[in-house]
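Values quoted throughout were computed directly from the atomic coordinates according to the rules given, and no laboratory measurement underlies them. Since the model is a prediction, treat every value here as computed from it, not as a measurement. Cβ: placed from backbone, ideal geometry, glycine included. Neighbour counts: every protein chain shown.
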């Protein structure tokens, strides 16, 4: 039975057109066209009444638009009788092409229409191209394979008055054994409005440089009404395959540069395309591109005429019919001068088309050649040579030995060349010629073969490719020399002075220090205005000069002389008052041939050299004596400096250390004159006065608001050498330090600076100190203010070794009105508690011998200050418990006491000391006159134990006793606890807790370093001692934490303190830092 046969399938966008061979059966009522997903799922159907045999066409729209490119579709035609399809009367299944080619570009060049598309791998029979209008037959073309992506519709007729559309369709076959086709295309794209506009005004040139090949083009833009949105410069291979292109957006764009990935092949062409947003438009006809570029081989410019001799090279190219030489302004390419050269075989010419006055030497000029061909071709432009048009100006001729240094310059606006040609002319002949590379070069050196001749020099600029400019005016060199240069740095100013021998006929000298800034000097000495940079590698070179305006002529420059910038660093400066000499120790300087050591006095900022000494090479120490009968001044600071010397040169000093440093010093008198003592000194004259009755120096100490916001009552207290006054000087930082404490060195009674034999504690001075503190308290000083003043006095006062224990700790022994030994417990100290638990041993005989107190591990309590939430200040034994109690988080029950009998309950731990009556600002530890027997059962009488007394005021502390009373609150640790006042010190960086009274000798004993007692100085031991809140400079940005206690001071006279006594007998104070070595 006959069946319908599909002849062709044409998918046009979402419209499907199917052609089939009909069946000659009059009973057929319908033909059914079915599109399937796969082969059995119906996608869509359409019916058609039988038409005229033998072929029939049916069109249907696909639902949803274009088919899914990832799905297989098939089409089939079947017959129907009545309302039922016939049995097995169906056509073959024909697969649809679903991956449609995408038209990217289409353009008409006035003759042919060219298309470019994204290919479809389903186009087994290539592509079908067509342009069709609203009437008439379409114009068509084909592309044979699926890989084709461009093609052409030759000579389409595009008469005006119609709307034209272009389309590219993928082509396949209905069956492998026939030639019927399956077509598939996206919807057609309309051409530009009819008639097609034409492009004009394309001007292009092909160029190649080190970065690659490119085409510069300009054109005349089309009217925006054409719908054009961009322009494309499109290159083509010799076979017409589209190559690299450049899209230039904008309907009014008129220029662009197409960069090519490789050199153009001969026979390549170029078009300009004008495209709308869909990529459809018009194009120019293909322009042949000349690819053979002429290569310049020479260009010589002569000043004074308007000619440039030009030579070039190029391989034979039949397409080249001539050349054009172009000289143009690189800054303004429209300023150009051209000259045609006929004949493709020409290789040289004289360019005479320059302006009458020659080229403007202030402009940057280039010269290049164009290879030209037939009309309409794209010329090949050779590379540009920079053409120097300015003559250099010689500015300096510097002769050194047999070398002549030539310096020149070009006008500021002239093109920078690649090199210069420097010529040395002797008479009528050229003695030497040197090409100097580098456009920034301004100097060359020529050898002088015969110094007896007269020479002249010329310079010409050479372009980067060899073009030569005009020569400079000639100039004549000169010969000379310099010797005997020395460099000496002044010790006071630090300025270096150069000196040298004169050179005959030299009017001046140029000094070059290698920093690019030479100095011209008329004489034979020069002093730097600033000290030489330390350790810099500097040299000086002196050149004699003789020249005229604009031309510097110099004789031979001497060899660079290295300047002495090395700085000698003094690592130790010491003073021997007995010898009235100072000793400097320094770090050696490499290569130094000697050293100069100077002793300076600095008074009011003015330095004066008092004396100097020299030392040989290799030395690292030297001593300088003061002038005979010299008297030290209290207003002067004495400094040492060292300078290295190098064969007549003298360098800088790195530092000027003082031979004296403010700090603490120890006495050097024998015990028969005064007990050993420590004193502060800020002046060297303080340390050189008689030790036992020192002149000393007045001390001024600045205090904060010790009234805590409440002005002290006036008149402010004075007592003996001590006076408290208001600081009314705003320049002395009175806002921070409103009070001044002065310690006089001139009072006749109880002078702190006066010592006497056997007066280990000067009771009169001690009484003055205590009275003064009481008066300051009575004037309104708060407790922490009294503690601060105590600290300041304890550190600042000149005092004997024993007085240090008294003033720093209040250490007092029975006698002189005291019934018990006692010591104050002040912030910064440590209370060491050694509990003695009671041990009971059973037995009648042994028990009586073995029962009693035994030793236990000690407990250290740091005594510190505390400010509670309400601002109240107090001292205490445990800052954590103190915070809890002071801020109401913990209450402590007071021990029961019976003042009438002196009995009281003991406490167990420091926390028990925070009952209200005992939480005070001042504390004192009383020592029992007799230590309880370890075999006793203890005592509840407070005074039999180590007792702590608390007082809210300094006066109350002075009146405190070891027994509980209405005026004294006491506490003791129950059992037979032993209490020790201790402090923290540091030895070689390691902190230690040591008892009050520990001396330097005790620590040296522990280290095995204690020497027999000898007179001062003591070397190898360094102590840094804190100032305890003492402020001497109220304007200092930060106050020093401590100062040195000088044990190694070499005084004018030094004697042993007494049998067994030495400097190491010095008591230590809290915070002392001891360093050995």
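Helix 783-796 axis versus longest C-alpha principal axis of the chain: approximately 80°, rounded to the nearest ten.
In terms of overall dimensions, the stretch 393-471 has a Cα radius of gyration and Dmax of 12.6, 39 angstrom. What separates the Cα centres of the stretch 624-646 and the stretch 1022-1065 is a distance of 23 Å.
Summary of the geometry: the stretch 225-251 and the stretch 458-531, compared by the centres of their Cα atoms, lie 64 Å apart.
Compactness of the stretch 821-981, taken as the C-alpha radius of gyration over 2.2 N^0.38 Å, stands at 1.09. Note on the stretch 712-778: Cα-only Rg and Dmax are 14.1, 45 Å.
Between helix 763-778 and the chain, what is the angle of the helix's C-alpha long axis to the longest principal axis, kept within 0 to 90° and rounded to the nearest 10? Value to nearest ten degrees: 60.
By the Kirkwood approach, averaging reciprocal distances over each pair of separate Cα atoms, the stretch 295-386 gets a hydrodynamic radius of 13.6 Å.
Dividing the alpha-carbon radius of gyration of the stretch 567-653 by the rule-of-thumb value 2.2 N^0.38 Å gives 1.08. A Förster radius of 60 Å combined with the Cβ-Cβ distance from residue 1041 to residue 929 puts the calculated FRET efficiency at roughly 0.90.
The spread of Cα positions in the stretch 486-562, taken along each principal axis and listed from longest to shortest, comes to 39, 22, 21 Å. Exposure proxy ranking for 803, 535, 383, based on other Cβ atoms within 10 angstrom of each Cβ and starting from the fewest, stands as 535, 383, 803.
How many percent of all Cα-Cα pairs in the stretch 102-190 sit more than 17 Å apart? Counting pairs separated by more than 17 Å, the tail of P(r) holds 46 percent. Counting neighbouring Cβ atoms within 10 Å and putting the fewest first, the residues 880, 37, 801 line up as 880, 37, 801. For the chain, what log10 I(q)/I(0) values come out of the Debye formula at q = 0.06, 0.08, 0.09, 0.10 1/Å, with one point per alpha carbon and no solvent? Results for the chain at q = 0.06, 0.08, 0.09, 0.10 Å⁻¹ read -0.78, -0.93, -1.09, -1.25. Once Rg and the Kirkwood radius are both taken over the C-alpha atoms of the stretch 200-288, their ratio Rg/Rh works out to 0.97. Summarised as an ellipsoid, the stretch 904-1017 has semi-axes of 34, 18, 14 Å, derived from the eigenvalues of the Cα gyration tensor scaled by 5 and square-rooted, with the largest first. Subtracting the Cα-Cα distance of residue 988 and residue 93 from 0.36 nm times their residue separation leaves 311.9 nm of extension gain. For the peptides 661-672, 712-723, the ranking by packing is 661-672, 712-723, with the highest mean count of neighbouring Cβ atoms within 10 Å listed first.
From its DSSP helices (H runs of at least four residues, each -39,500 (n - 2.57)), the chain gives a residue-normalised ellipticity at 222 nm of -1500 deg cm²/dmol.
Taking R0 as 22 Å, what FRET efficiency do you get between residue 216 and residue 393 from their Cβ-Cβ distance, rounded to the nearest 0.05? E(calc), rounded to 0.05, equals 0.05.
With the Kirkwood sum run over all distinct C-alpha pairs, the stretch 181-239 has a hydrodynamic radius of 15.4 Å.
Its Cα gyration tensor gives the stretch 1-89 an equivalent ellipsoid; the semi-axes, largest first and in whole Å, are 23, 14, 11. Of 447, 829, 314, the sequence from fewest to most neighbouring Cβ atoms within 10 angstrom is 447, 314, 829. Maximal additional length on extending the residue 539-residue 623 stretch stands at 27.0 nm, based on 0.36 nm per residue less the C-alpha distance.
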